[in-house]
Protein chains: 2
Amino acid sequence: MRLIQNDDLKRQFIAEWGYDHQFSFDVVQAAQLYLFPAKSIIVRAPDRPRDLLYLVKGKTKLYDTLANGKVALIDFFTPPCFIGEMELLDPESPSFTVQAIEDCWCLALPMATYREQLLRDTTFLRRVCQYLGRKNTRNIKTFSQNQAFTLSQRLAGFILLTANNDVYEEKHTQVAQYLGVSYRHLLYVLADFVKQGVLEKVGHHYLVQRPDVLARLAREVDWAPTTAERE
Amino acid sequence: MRLIQNDDLKRQFIAEWGYDHQFSFDVVQAAQLYLFPAKSIIVRAPDRPRDLLYLVKGKTKLYDTLANGKVALIDFFTPPCFIGEMELLDPESPSFTVQAIEDCWCLALPMATYREQLLRDTTFLRRVCQYLGRKNTRNIKTFSQNQAFTLSQRLAGFILLTANNDVYEEKHTQVAQYLGVSYRHLLYVLADFVKQGVLEKVGHHYLVQRPDVLARLAREVDWAPTTAERE
DNA sequence: CTCCCAGTATGAGAAATCTCATACTTACCT
DNA sequence: AGGTAAGTATGAGATTTCTCATACTGGGAG
């Protein structure tokens with residue numbers, strides 16, 4: 001994680017996603033811009049996040065650590081989107097691990113300083129409600145529709161979503177669980193992609209050779225990673 | 001829909017679910033208690049709901065009306081839970097149809113009177129954020145886990161959830177879509193339940209003969225209809 | 001260094017589920 | 001009365017996906 005002291009870039013991100021409209025006070029000064037390099041951990045459960053983050057560029061994934069120590073993929077986020085809002089608002093809420101898939105830029109408000117103010121800020125609270133409500137609606141629609149698709153279609157979308165620089169290297173066990181299919185079947189379909197020349201296997205990861213073919217397969221699948229939907 | 005003027009019953013419901021803790025002002029006087037009979041429509045899209053409701057007893061289902069006029073099942077609610085909170089908080093949000101599965105009791109705050117006050121009430125806003133956040137977390141976990149189960153297991157849970165007085169009479173087309181399976185396959189499994197004596201077919205609906213068998217099948221399936229989780 | 005575990009890998013047969021074709025019924029419109 | 005659309009119903013064959021069995025690998029624990 002690196003603090004980026006570039007006010008122009010910060011202002012540009014703020015304007016791009018309407019960050020300042022999410023609050024009733026002036027956050028332009030208060031917010032810091034951070035860069036989380038690809039694969040770095042943005043929030044590590046069970047620690048509580050130190051800042052309220054707002055993802056303005058990059059893709060992230062969210063993990064849960066199960067009681068048995070296993071790690072389960074839960075969800076994906078793309079800009080614009082809050083990170084750590086539940087931990088701020090709901091002291092009871094479990095916290096999850098968030099990892100950068102590719103380089104991620106985030107605007108950050110330190111909770112230690114702004115917690116009380118945020119909890120009293122009705123503009124902010126209403127925004128979070130809207131954000132959560134829409135996310136929920138979309139997730140439900142997405143999930144119930146996606147059940148209808150075949151694994152090769154859903155996997156195609158998943159690979160496009162999680163690959164970084166055309167390198168796909170998710171753990172098969174986690175992916176099988178996330179996509180709700182057996183490990184065996186996942187490997188069949190992956191092998192099939194390789195046979196068709198869509199992927200190339202290199203050691204323990206895969207290179208995406210034909211993103212176009214994957215995109216065509218995934219065409220109808222509405223992956224809809226979570227975003228805040230700028231106003 | 002019937003207004004129930006029974007202050008004792010109202011107080012009892014308020015206490016049972018901690019309704020008064022969801023707001024920073026005194027709602028005990030302000031709230032009305034309504035009874036929505038089984039199968040009646042609680043909110044009809046695209047109308048905006050007139051009241052902010054809080055379900056305290058009964059089960060409801062939520063529908064979306066698609067562009068083509070078809071109706072899609074979206075979600076289910078059990079007490080305690082808000083109804084109409086998104087329409088209150090997010091003017092952009094589409095509104096959905098909510099129908100009572102069985103007799104439903106709701107506490108109601110007329111939006112015309114309380115809208116502004118609610119939008120300024122940080123206690124209420126924080127509660128809704130928590131409610132939406134938890135609902136989201138659970139939905140995601142539930143959906144991704146449930147993909148792994150076979151239709152007979154998921155259908156068993158679905159029947160238990162939607163049956164009223166052991167009568168199951170959902171439209172097969174809607175259910176197939178909701179559960180993400182083909183109409184054909186749904187009918188196969190239903191026919192199988194009948195053959196096993198778990199269901200009995202009577203005209204165009206089914207009687208649940210062996211809820212115990214359904215419950216056993218559904219045992220591991222975490223249906224988790226949405227609730228607010230009392231504090 | 002060896003043991004053991006998690007993750008990876010592959011085969012074979014079984015099951016769950018899908019697609020397509022075809023009817024019948026009911027409601028509603030004209 | 002005829003026409004149409006949606007929902008219901010059932011069969012046959014094709015695909016998708018699962019379960020189980022079996023091995024190989026790399027890395028951490030002792």
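The values are calculated or read from the model by the stated rules, or taken from the named source; none is laboratory data. Remember, predicted model here, so these are calculated numbers, not experimental data. No Cβ is skipped: glycine too gets one built from the backbone with ideal geometry, and neighbour counts run over all protein chains shown.
The residues of segment B:1-35 that are of a type in the set (A, V, I, L, M) and in a loop (DSSP other than H, G, I, E, B), listed by number, are B:M1, B:I4, B:A31. Say whether the condition of being away from chain A (no Cβ under 12 Å), touching a Phe, Trp or Tyr at 6+ places or on another chain (Cβ under 7 Å) and aromatic (F, W, Y) is met by at least one residue in segment B:96-111. Within segment B:96-111, one or more residues are away from chain A (no Cβ under 12 Å), touching a Phe, Trp or Tyr at 6+ places or on another chain (Cβ under 7 Å) and aromatic (F, W, Y). Checked against the criterion of being of a type outside the set (D, E, K, R), touching a residue at least 24 places away in the same chain (Cβ under 8 Å), part of a loop (DSSP other than H, G, I, E, B) and loosely packed, with under 14 Cβ neighbours inside 10 Å, the candidates B:P46, B:P91 yield just one match: B:P46. For segment A:110-132, the criterion of being within 15 Å of the chain's Cα centre (by Cα) and over 21 Å from A:A215 (Cα atoms) is met by at least one residue.
Just to verify a result, which residue in segment B:47-61, among those that are more than 16 Å from DNA strand D (Cβ to nearest atom) and under 16 Å from B:N164 (Cβ atoms), is nearest to the other protein chains (Cβ to nearest Cβ)? Ranking the candidates gives B:T60 first.
Residue-wise test of (1) β-branched (V, I, T); (2) closer than 21 Å to A:Y131 by Cβ.
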residue: B:K70; (1), (2): no, no
residue: B:I83; (1), (2): yes, yes
residue: B:P94; (1), (2): no, yes
residue: B:V98; (1), (2): yes, no
residue: B:E116; (1), (2): no, no
residue: B:D121; (1), (2): no, yes
residue: B:T142; (1), (2): yes, yes
residue: B:T150; (1), (2): yes, no
residue: B:L155; (1), (2): no, no
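One residue is enough: does segment B:71-87 have a residue meeting the conditions within 16 Å of DNA strand D (Cβ to nearest atom), surrounded by 14 or more Cβ atoms within 10 Å (Cβ to Cβ), small (G, A, S) and within 14 Å of chain A (Cβ to nearest Cβ)? Looking for residues that are within 16 Å of DNA strand D (Cβ to nearest atom), surrounded by 14 or more Cβ atoms within 10 Å (Cβ to Cβ), small (G, A, S) and within 14 Å of chain A (Cβ to nearest Cβ), one finds at least one in segment B:71-87, hence yes. All of A:F124, A:F158 fail the test of being in a helix (DSSP H, G or I), more than 10 Å from every other protein chain (Cβ to nearest Cβ) and crowded, with 19+ Cβ neighbours inside 10 Å, apart from A:F158.
Residues of segment A:190-202 that are farther than 23 Å from A:Y63 by Cβ and in a helix (DSSP H, G or I): A:A191, A:D192, A:F193, A:V194, A:K195. Looking across segment B:189-221, the residues that are at pLDDT below 90 and surrounded by 13 or more Cβ atoms within 10 Å (Cβ to Cβ) come down to B:A218, B:V221. Among the residues of segment A:161-187, those that are near DNA strand D (Cβ under 9 Å from one of its atoms), touching a residue at least 24 places away in the same chain (Cβ under 8 Å) and in a helix (DSSP H, G or I) comprise A:L179, A:H185, A:L186. The set of residues in segment B:161-178 that are within 14 Å of chain A (Cβ to nearest Cβ) and away from DNA strand C (no atom under 13 Å from the Cβ) contains only B:Q174.
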